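K.L.:
I have a structure here, written as structure tokens, and I will follow up with some questions on it.
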Amino acid sequence: MDESPKKAALRDDRVWLAAIVVLAVAMRVAFMTMPRVVRWDEAAHVMIARSLLAGRGFSEAVGERDVQNGPMVAYLALPGVALGWPVPWTAAGIAYVCMGGLLSLPVYGKGRCLYNRRIALLAAALVAFYPSLVAGPLYWGTMTEPPYHLFIFSGLYGTCRLIEAMSERASARHIAGWSSGLGAAIGLACLTRPEAVAYLVVMLFCLVLAGAVRPFTSPDRVASRLARLRSGLGAPALASIIAVSVFLAVNLPYTIYIHRITGQWAISGKQGLAVDIAHSIVFGDAVEQDLVAARLDSSGREMMWFSLEQYDKSVVSAALQNPQQFLNQVRRNARETVKALFSQDLFIPWVLALIALGLFGRPWPRARLARELLLILMLVPLVVLWAFFVISRLLVVALPVGLLWAAVGLEQLAAWAQGTAALLGASGPEAANRLEQVGRATTGVLIAFVLAAFVGMGLSRARYELIRQPFWRVEEADWLAGHLTASSPLMARDSEVALYADLPLVGFPNAQWPQVLAYGRARGARYLVVEEKMIRDLRPQLSGLLNTSAPPAGLKFLAALPGLNATRTLVYAFEAGS
């Protein structure tokens, strides 16, 4: 029996999609071979994974319970830690290589729902190769972006399929299945980054809107319309209840953990401290940022990063306390959003031209307006960031949305090339066929050129970031691993030093030296690493640490290692307390 055209097209799509995913994974493996330093939040995730496997709990630093970092990347790093992968691969091996490569799947699915198979495949390819999605996560210092995007767009695809199922009056089982998938996807996204809650709201709103709008497509009388409205809202209500229930169930273990630590029922531990840090980031005050996170609380015994006192403040209380400062922060973040979105880091200018062509190259009938609404609403949660701070990596979730529109533009450009070739060959069938083949070849070359340009830009980004990596900290860690007692707690401001040296980390508070000494002794710190530049720029009250010939009380000088720009990194040992 001959294969139906629909089945043949589906089989071809699967082959092309599999090839795109394999290429996406292979390219990320290639980028992973370039030198880099694991730091900031990514280093914290790996330290937490080590702590979990060692039976010390969900902890980055000795004697503390972490509530600032979502658990997803730490969980994804567990296999790498258990198998002894190199540090740069520990979290990135799964979070970046695998999940980054798989992002093309939900983007393809969304493209099929909204447009057609050709646009869907183009969008999947653009997402697989786009430089900010390939090179960016390696240098943003969190490794949350690839899994976060995969989960968010899986939820978006589930929303699209739910709307289709409701329009086709599918069975309750069918609706329940897609609703559970939607809730699970956004639940996993929330375990990666808490702002995913905003996307759940957007998706549920679209479900309710789809159920409310559909009944008004016929000119029935008012009473009939109200009856159809009630029936139309039944499926969205069922889907919403199931999605929210699954979302809460996925987050329940971490929510219970947060409650045990903080005494509050919340899906994230990022609350009051994020408000204070946001102000310092928005206005570029590195001194304030360090002080906000690393100062001691009112007890004098705990850093604010770990202290429960941070939960005494919220966004609402901060806005009410100083409305003018909050409004200034929002306005500045709005400007930064425009600047970040339309810089070379995110939306490349000629990609913006493709997006404009895809959006406005053809008129919008009512059916297309309904299709595009969900994509447009996916950009709304970015406004939530204005209450905190805006940096480019937090806006990357807009890229797959834009690349779907860019795929529409690229498809229109390809259709123009093919149509032009066909018209030029109108004088004869054979000539027309040849020129149409030329048009198709031109389309292939155009797409190949776009993808090759993406790869080149990704490599340029990697070369640019290469010279900015703090490789001296890896060298310091190598020295520490070879000269210090194994498994001895190390006090350091930057967790990557302890990570690469494979030593337990003790936080380094921003305080006077007697308080720092007491803090380290209370947590069993054996060694202290001090960067000269950090002391001069951020903590001048600790300048006595730079005097190696007469160090502060309680320390013994061990070594001076090369640091950044001809500065030193000093290594001390804590002397036994009296």
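No lab work stands behind these numbers, since they all come straight from the coordinates. Since the model is a prediction, treat every value here as computed from it, not as a measurement. Virtual Cβ from ideal backbone geometry, glycine too; neighbours counted across all protein chains shown.
K.L.:
Using the Cα atoms of region 353-422 to build a convex hull, what is its mean projected area in square nanometres?
P.N.:
Reported value for the Cα convex hull: 5.8 nm².
K.L.:
Here is a follow-up. Go ahead and run the numbers for FRET between Glu475 and Trp40, Cβ-Cβ distance against an R0 of 22 Å, rounding to 0.05.
P.N.:
Efficiency computed from Cβ-Cβ geometry: 0.75.
K.L.:
Could I ask something else about it? Arrange the following residues from fewest to most other Cβ atoms within 10 Å of their Cβ: Asp285, Asp13, Asp66.
P.N.:
Final ranking by Cβ density, sparse to dense: Asp285, Asp13, Asp66.
K.L.:
Using only the Cα atoms of region 31-150, what semi-axes does the equivalent ellipsoid have when each is the square root of 5 times a gyration tensor eigenvalue? Give whole Å, largest first.
P.N.:
Whole-Å semi-axes of the equivalent ellipsoid: 31, 15, 11.
K.L.:
Exactly which chymotrypsin sites (Phe, Trp or Tyr not before Pro) in region 27-71 are in a DSSP loop and have at most 15 other Cβ atoms within 10 Å?
P.N.:
When the chymotrypsin sites (Phe, Trp or Tyr not before Pro) of region 27-71 are filtered for loop state and at most 15 Cβ neighbours within 10 Å, nothing remains.
K.L.:
Based on alpha-carbon centroids, what's the gap between region 268-333 and region 518-561 in Å, whole number please?
P.N.:
Answer, in whole Å: 26.
K.L.:
Angle, helix 104-114 long axis vs. longest principal axis of the chain, Cα atoms, 0 to 90°, nearest 10?
P.N.:
The answer is roughly 40 degrees.
K.L.:
Also: Indicate the gyration tensor shape class of region 280-322 (rounded, prolate or oblate), computed on the Cα atoms with a ≥ b ≥ c the square roots of the eigenvalues: a/c under 1.5 is rounded; otherwise a/b larger than b/c is prolate and the rest oblate.
P.N.:
oblate
K.L.:
Where does each of Val244, Val107, Val87, Val29 land when they are ranked from fewest to most other beta-carbon atoms within 10 angstrom?
P.N.:
Val29, Val244, Val87, Val107
K.L.:
Using only the alpha-carbon atoms, how far is helix 398-424 inclined from the longest principal axis of the chain? Give it as 0 to 90 degrees, nearest 10.
P.N.:
Orientation of helix 398-424: about 40 degrees from the principal axis.
K.L.:
Taking the chain as a whole, which cysteines find no other cysteine Cβ under 4.7 angstrom from their Cβ?
P.N.:
Cys98, Cys190, Cys206
K.L.:
Can you count the Lys pairs in the chain whose Cα atoms are under 27 Å apart, with each pair 8 or more apart or on different chains?
P.N.:
5
K.L.:
Suppose we look only past 18 Å in the calculated P(r) of region 66-215. What percent of the Cα-Cα pairs does that tail hold?
P.N.:
62
K.L.:
Where a ≥ b ≥ c are the square roots of the eigenvalues of the C-alpha gyration tensor, would you call region 117-187 rounded, which needs a/c under 1.5, or, failing that, prolate if a/b is larger than b/c, or oblate?
P.N.:
Oblate.
K.L.:
Using alpha carbons only, what's the Rg to Rh ratio of region 471-574 with Rh from Kirkwood?
P.N.:
Across region 471-574, the Cα-based Rg/Rh ratio is 0.92.
K.L.:
Are there any trypsin sites (Lys or Arg not before Pro) in region 348-377 that are in a DSSP loop and have at most 13 other Cβ atoms within 10 Å? List them by number.
P.N.:
The qualifying sites: there are none.
K.L.:
Which whole-number percent is the relative contact order of region 471-574 (Cα, under 8 Å, 6+ apart)?
P.N.:
Rounded, it is 24 percent for region 471-574.
K.L.:
Now, a different point. Going by how many other beta carbons lie within 10 Å of each one, how would you line up Tyr75, Tyr311, fewest first?
P.N.:
Tyr311, Tyr75
K.L.:
Could you point to the label whose value was computed as mean projected area of the Cα convex hull in nm² for the structure here, given (i) 32.9; (ii) 38.2; (iii) 29.9?
P.N.:
Looking at mean projected area of the Cα convex hull in nm² for this model, the match is (i).
K.L.:
Still on this structure, I have one more. For the chain, the longest stretch holding no GluC sites (Glu not before Pro) located in a DSSP loop with at most 15 other Cβ atoms within 10 Å is which?
P.N.:
Value returned for the longest uninterrupted segment is 169-574.
K.L.:
Let me ask another. Normalised by the number of residues in the chain, what is the relative contact order in percent for Cα pairs under 8 Å and 6+ residues apart?
P.N.:
RCO, the chain: 14 percent.
K.L.:
Helix-only estimate, please: 222 nm mean residue ellipticity of the chain, summing -39500 (n - 2.57) across DSSP H runs of length 4 or more and dividing by its residues, to the nearest 500.
P.N.:
-21000 deg cm²/dmol
K.L.:
Compute the helix-to-body angle for 72-83: its Cα long axis versus the longest principal axis of the chain, expressed 0 to 90° and rounded to tens.
P.N.:
Compared with the principal axis, the helix lies near 70 degrees.
K.L.:
As an exercise, use a Förster radius of 35 Å and the Cβ-Cβ distance of His483 and Ala249 to find the FRET efficiency, rounded to the nearest 0.05.
P.N.:
It comes out at approximately 0.10.
K.L.:
For region 517-574, what does the alpha-carbon gyration tensor say about shape, rounded, prolate or oblate, given a ≥ b ≥ c as the root eigenvalues, a/c under 1.5 as rounded, and a/b over b/c as prolate?
P.N.:
Prolate, since a/c reaches 1.5 and a/b exceeds b/c.
K.L.:
In region 1-84, what is the volume of the convex hull around the alpha carbon atoms, normalised per residue and reported in Å³?
P.N.:
Spread over its residues, the Cα hull of region 1-84 gives 164 Å³ apiece.
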